[in-house]
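Some notes on the structure that comes next.
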Amino acid sequence: MKAFVLDGGFGLENLKLRELATPAPGPGQVRLRMLAASLNYRDVLMARGLYNPRQRLPLVVASDGVGTVDAVGEGVTQWRLGDRVCPNFVQGWVSGEPTRDKLRTSLGGPLDGTLAEYRVFDASSVVAVPAALTDEAAATLPCAGLTAWSALVTQGRLTAADTVLVLGTGGVSIFTLQIAKLIGARVLVTSSSDEKLARARALGADETINYRTVPEWGKWAKELTAGRGVDHVMEVGGAGTLEQSLRAVRIGGTISIVGVLAGSAPALNLLPVLMQNIRLQGVIVGHREGFEEFMRAIEHGSLTPVVDRTFPFEDTVAAFEHLASGSHFGKVAIRIAN
Ligand SMILES: NC(=O)c1ccc[n+]([C@@H]2O[C@H](COP(=O)([O-])OP(=O)(O)OC[C@H]3O[C@@H](n4cnc5c(N)ncnc54)[C@H](OP(=O)(O)O)[C@@H]3O)[C@@H](O)[C@H]2O)c1
């Protein structure tokens, strides 16, 4: 079988299409014929050696994907041949709190990822996907989708009375917008592009602003909430945007620390965190039970993931470059098999 493997060193130039042995499922495992995968910013960092410079190579890349069950190991009763499922991103995390051991079972590093024609997973670590979704849309759910769900719902307990501030229009951010609207919350979105902001409004964003032309977007968010501040910020920028997020959030509100896209900050004043009882909540994707709950919400609410562009399997490196360019809106998908 064919797989995209990071081999011989880090860097996109070392991302190669390789011929590997087709795996067979052991007891309690299923084999998936992979249909589609999608990319996360994490996959770009991983390929460049910036996510974990000590990651062992070779590595089959990418964290998100969907496939059909095409072989089952001994003792597997919950899945039938032809079932369409997504592997959970953290394979060993079924419920409860994460642990170091559970987090060592993440796909696309440290474990092999989804950009292969066949992959074997524990039968208890895959989740059925809603029939209405295309393969490309289903392939976006395990990492970006579940991260947004965990932050807003599992940890954030979001309600329709809340206001959510979404930074940017990448994969996690657009899922945050869609999930927040599904729940009925008010959503504010920032972007570097007016054209992307128009697309965000078409998806239901209530208020939008260009963070390049208005760097003081924290003040803007506070004004839009009559000085109270937003209830929840999806912080994908990290240290480089946290100062504005702290300005935007209400007393006692939550900032979900999810990403590091905006680099570092020279000095950060953390006084507002304690003086205003602000909750800074780290989020690492999510557990299988949360993923199953998210799947049910998608079915009930007809959420359709936004796929910016789909690349053929052999053009995987171009797909990585497209994601790294930041020109996308939502998710970048890769078609593996028909
Ligand atoms: N903690 C977790 O479990 C988890 C899971 C998934 C992802 N992540 C992390 O979350 C972040 C987002 O991941 P992703 O896969 O959604 O990335 P992505 O799809 O590549 O998102 C890129 C977008 O982020 C926006 N952005 C970049 N710099 C920004 C800034 N300074 N302020 C506001 N927005 C900015 C841009 O939006 P515009 O073009 O609209 O400006 C850009 O297009 C990454 O750091 C990733 O590593 C974490």
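The values are calculated or read from the model by the stated rules, or taken from the named source; none is laboratory data. Values in this document were obtained by computation on a predicted structure and should not be read as measured data. Reconstructed Cβ throughout: ideal geometry from the backbone, glycine too, with neighbour counts over all protein chains shown. Just so you know, the surface numbers come from the protein's heavy atoms only, side chains and all, with ligands and any DNA or RNA stripped out. Shrake-Rupley method; radii C 1.70, N 1.55, O 1.52, S 1.80 Å.
Consider segment 132-161. How many of its residues are in contact with a helix residue (DSSP H, G or I) (Cβ under 8 Å, 6 or more places away or on another chain) and either of a type outside the set (Phe, Trp, Tyr) or at pLDDT below 95 (or both)? Show your work before the answer.
From segment 132-161, those in contact with a helix residue (DSSP H, G or I) (Cβ under 8 Å, 6 or more places away or on another chain) are 132-133, 140-154, 158-160; that's our starting set.
With the extra rule that they be either of a type outside the set (Phe, Trp, Tyr) or at pLDDT below 95 (or both), the set shrinks to 132-133, 140-148, 150-154, 158-160.
So the answer is 19.
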Among residues of segment 250-277 being outside any strand (DSSP E or B) and buried (at least 21 other Cβ atoms within 10 Å of the Cβ), the residue nearest to the ligand (Cβ to nearest atom) is Gly259
Could you list, in sequence order, all residues of segment 295-317 that are within 21 Å of Lys196 (Cβ to Cβ) and either assigned to a strand (DSSP E or B) or within 15 Å of the ligand (Cβ to nearest atom) (or both)?
-> Pro305, Val306, Val307, Asp308, Arg309, Thr310, Phe311
Would segment 46-63 turn up any residue that is away from the ligand (no atom under 12 Å from the Cβ), open to solvent by less than 10 Å² (accessible area, probe 1.4 Å), closer than 23 Å to Ile174 by Cβ and assigned to a loop (DSSP other than H, G, I, E, B)?
-> yes
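Results for (1) under 27 Å from Ser193 (Cα atoms); (2) buried (at least 21 other Cβ atoms within 10 Å of the Cβ); (3) hydrophobic (A, V, I, L, M, F, W, C), shown as yes or no for each residue.
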| site | (1), (2), (3) |
| --- | --- |
| Ile284 | no, no, yes |
| Glu293 | no, no, no |
| Lys331 | yes, yes, no |
| Ala337 | no, no, yes |
Give Ala180, Ala161 a once-over and let me know the one that is small (Gly, Ala, Ser), open to solvent by 60 Å² or more (accessible area, probe 1.4 Å) and either touching a Pro at 6+ places or on another chain (Cβ under 9 Å) or more than 13 Å from the ligand (Cβ to nearest atom) (or both).
-> Ala161
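What residue, of Ala137, Ala200, Ala185, Ala151, is over 24 Å from Ser38 (Cβ atoms) and open to solvent by less than 10 Å² (accessible area, probe 1.4 Å)? Can you show your working first?
Numbers: Ala137 fails: over 24 Å from Ser38 (Cβ atoms); Ala200 fails: over 24 Å from Ser38 (Cβ atoms); Ala151 fails: over 24 Å from Ser38 (Cβ atoms).
After ruling out the rest, the residue left standing is Ala185.
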